[in-house]
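One structure is given below, encoded as structure tokens.
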Amino acid sequence: MSRFLNTQNYLNNLAENSYKAIDEGVYGNTKYDYNSHEPINLKKSILSCPHAPLITEIKFASPSKGKIVATGTNAPIDIASNMVSSGAIGLSVVTQPYLFNGSPEYIGMIRKTVAVPLLMKDIIVSEVQIDSAKRMGADCILLIKSIFDNNLTEGSIEKFADYANKKGMQVIFEVHKDYEFIEILGSLAVTRQNLIGINNRDLNDLNVDIATTKNLLQKIDKKRHIVISESGISKTEEIKELKKAGADAFLIGTSIMGSSDIATKVSELYLSL
């Protein structure tokens, strides 16, 4: 039975999928235990990158595109290795099983293979998922402000961020609209550099417009914080435009995963700056 009355709302569907995965024990995998893993600093990796700081995303399907690429026993490891050797400074690993064909286990598989920061990319609604991220070897998690604003989680965004930080993981606060950006900026300590993701995809209708990042940065002072532009990026010209607008890093998934040559695509985008 649905936890939410309006299951036609896409945000509700995303949260519902996470609760379903939690109930089915998806995040209880004990095959890996990286609780003693020394977290790798994503902020430092972004700031020290000599070219375009790419956080490339490993995802095998999406609600908007359906199946992107086939999964295989070693697919996550092979793709991760290719991405990192071609310039990716971090990896976003989609762990949501429904709609995205992801798994928390992919992080554990990849953790043994690469020495770059790993972001657990999921619709986080519970501390259960944060515990899983730590156990699988993630260095960072994503918290989507609209999910919290719509009361679809088991705690506040501040509570979850603090919980993750105490486990040694960094947090990307994801926003899409101007008021979300303003509210996040107002809630963050001005003395710290935080990671803020601007999603060019509207999670209410899945429409993508990379002008979202440019518009928000032109209207609102990001202060000292590090902004990651997410979704819809596929060309070197777009990275240059977003960098000029004030974006510090770029999270890119579908255009890379859907490429016939992942390594070449990553290298091309990495060398755009």
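Which entries of 159/214; 67/166; 166/240; 166/235; 166/243; 145/223 show an alpha-carbon separation above 27 angstrom in the structure shown?
On the way: 159/214 30 Å; 67/166 36 Å; 166/240 35 Å; 166/235 37 Å; 166/243 32 Å; 145/223 19 Å.
From 159/214; 67/166; 166/240; 166/235; 166/243; 145/223, over 27 Å: 159/214; 67/166; 166/240; 166/235; 166/243.
Shape of segment 161-225 from its Cα gyration tensor (a ≥ b ≥ c, root eigenvalues): rounded if a/c is under 1.5, otherwise prolate when a/b > b/c, or oblate? Oblate is the answer for segment 161-225, as a/c is 1.5 or above yet b/c matches or exceeds a/b.
Residues whose amide H comes within less than 5 Å of that of residue 121, counting only those at least five positions distant or on another chain, are 93, 94, 95 (H built at 1.01 Å from N in the peptide plane).
Considering only 245, 80, 133, the Gaussian network model of the chain with Cα springs below 10 Å gives its largest mean-square fluctuation to 245.
In this simple spin-label model, placing a label point 7 Å from the Cα along the Cα-to-Cβ direction at both residue 44 and residue 209 gives a separation of 4.0 nm.
Could you tell me the calculated FRET efficiency between residue 234 and residue 30, based on Cβ-Cβ distance and R0 = 30 angstrom, to the nearest 0.05? The calculated FRET efficiency here is 0.20. Once both labels are positioned 7 Å from their Cα atoms along Cα-to-Cβ, the gap between residue 261 and residue 192 label points is 4.3 nm.
Extension gain, residue 150 to residue 202, is 17.3 nm, computed as 0.36 nm per intervening residue step minus the present C-alpha separation. Any idea what the dipole of segment 10-270 comes to, in debye rounded to 20, about its Cα centre with Lys/Arg Cβ at +1 and Asp/Glu Cβ at -1? In total the dipole reaches around 640 debye. Label separation (residue 81 vs residue 271): 2.3 nm, computed from points 7 Å beyond Cα along the C-beta direction.
Membrane-span-like helices in the chain, defined purely by DSSP H runs whose alpha carbon atoms cover 18 Å or more axially and whose average Kyte-Doolittle hydropathy reaches -1.0, are 10-23.
State the percent of C-alpha pairs, over all pairs in segment 149-273, separated by a distance greater than 19 angstrom. Don't skip to the end; give the middle numbers.
Working: 4053 of 7750 pairs.
Of all Cα-Cα distances in segment 149-273, 52 percent exceed 19 Å.
Bear in mind these aren't lab numbers, they're just calculated from the coordinates by the rules spelled out. On a predicted model such as this, the values are computed, not experimentally measured, just so you know. Virtual Cβ from ideal backbone geometry, glycine too; neighbours counted across all protein chains shown.
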